[in-house]
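Report on the following structure.
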Amino acid sequence: MTVSIVAEIPGAQRPGAEPKSASVKANHRLLAWSGVLGGAIGFAMAMSVLSTRPEQGNVAEAMIYGPLPVWLAVVMALLWGAVLPVISWRWHQVVDEHEREAYRDGAVAGFYVMGVGAPVWWLLARAGLLPPIDLATLYASFLIVSGLVWAWRKYR
Amino acid sequence: MPEEEEMKNRLKVLRAERDWSQAELAVQLDVSRQAVNAIETGKYDPSLPLAFRIGRLFDMKIEEIFDDGEHRG
């Protein structure tokens, strides 16, 4: 009975695999492209930084703050600033409403990390109570909080 | 401001009657399996368009599937 139903469903997968809707397939395909893009950017940056032979122990710092060749910085900025938004725009069009709501809640949480966290850190840093604002830490916090809230809203 | 009643629905029962898995129902509604699970467990209320799709799939009116608690004691 179940097998016959699966066979009738458009987009049904190979036997044994969980069938996926067209929107889920498109969602995963675009996420894969984003992953490829992010991986390429990370790999190019790592190769560039490691080719300068940073001192041992300073590799992570060099990856985040080290200088980059102009051409590489421009190419990566274009990938991140022009290609990624196109993929994101398409992703927002194909995902189902439950995913869209999970993403929205994650984005709102991320907004508060930046909108509240940055001024609080900035004020306390001005009083010497915290070190100066660190962009990488703030950005990582934004990504982690957004991702956790998204995952909680989607998979709870 | 009145307290919002929890929305209940018969989706899980209707799906079980047809011997469909969550994934199979999700494909027919063009949503993810997680979306079907969230609706069934009352953690997510579908939009009106999705509620209509669900109604059409089961050949039922929306209010025969979803209960907003208005008539519950």
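The values are calculated or read from the model by the stated rules, or taken from the named source; none is laboratory data. Since we're looking at a predicted model, the values are computed, not measured. Cβ atoms come from the backbone with ideal geometry, glycine included; neighbour counts cover every protein chain shown. Side chains included, ligands, DNA and RNA excluded: accessible areas come from the protein's heavy atoms. Shrake-Rupley method; radii C 1.70, N 1.55, O 1.52, S 1.80 Å.
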Could you quote the convex hull projected area for the stretch A:21-95, Cα atoms only and averaged over all directions, in nm²?
5.6
Rolling a 1.4 Å sphere over the protein heavy atoms, what is the accessible area per residue of the protein assembly as shown, to the nearest Å²?
65
Per residue of B:17-28, other chain Cβ atoms within 10 Å number on average 6
Share of Cα-Cα pairs in the stretch A:52-130 beyond 19 Å, whole percent, is 68
Taking Rh as the Kirkwood radius, which is the inverse of the mean 1/r over Cα pairs, what is the Rg/Rh value for the stretch A:96-156?
1.13
When the accessible area of the stretch A:22-156 is computed with all protein chains present and a 1.4 Å probe, what percentage of it is carbon and sulfur?
72
Run the helix sum for chain B: -39,500 (n - 2.57) per DSSP H stretch of 4+ residues, divided by residue count, reported at 222 nm to the nearest 500 deg cm²/dmol.
-13500 deg cm²/dmol
In a Debye calculation with equal point scatterers on the alpha-carbon sites of the stretch B:8-58 and no solvent, what is log10 I(q)/I(0) at q = 0.13 Å⁻¹?
-0.24
Quick one: pull the percentage of alpha-carbon pairs in chain A with a separation above 18 Å.
73
Past 22 Å, Cα to Cα, is the threshold; run A:Lys25/A:Lys154; A:Lys25/B:Lys8; A:Lys154/B:Lys61; A:Lys20/A:Lys154; B:Lys12/B:Lys61 against it and keep the listed order.
A:Lys25/B:Lys8; A:Lys154/B:Lys61
From DSSP H assignment alone, runs of 4+ in chain A each adding -39500 (n - 2.57), the sum over residues rounded to the nearest 500 puts [θ] at 222 nm at -22500 deg cm²/dmol
Show which aspartates and glutamates lie in cross-link reach of B:Lys43 when reach means a straight Cα distance below 16 angstrom and same-chain residues fewer than eight apart are skipped.
A:Asp96, A:Glu97, A:Glu99, A:Glu101, A:Asp105, B:Glu4, B:Glu5, B:Glu6, B:Asp67, B:Asp68
Just to confirm my numbers, what's the Cα centroid distance between the stretch A:73-106 and the stretch A:27-67 in Å?
20
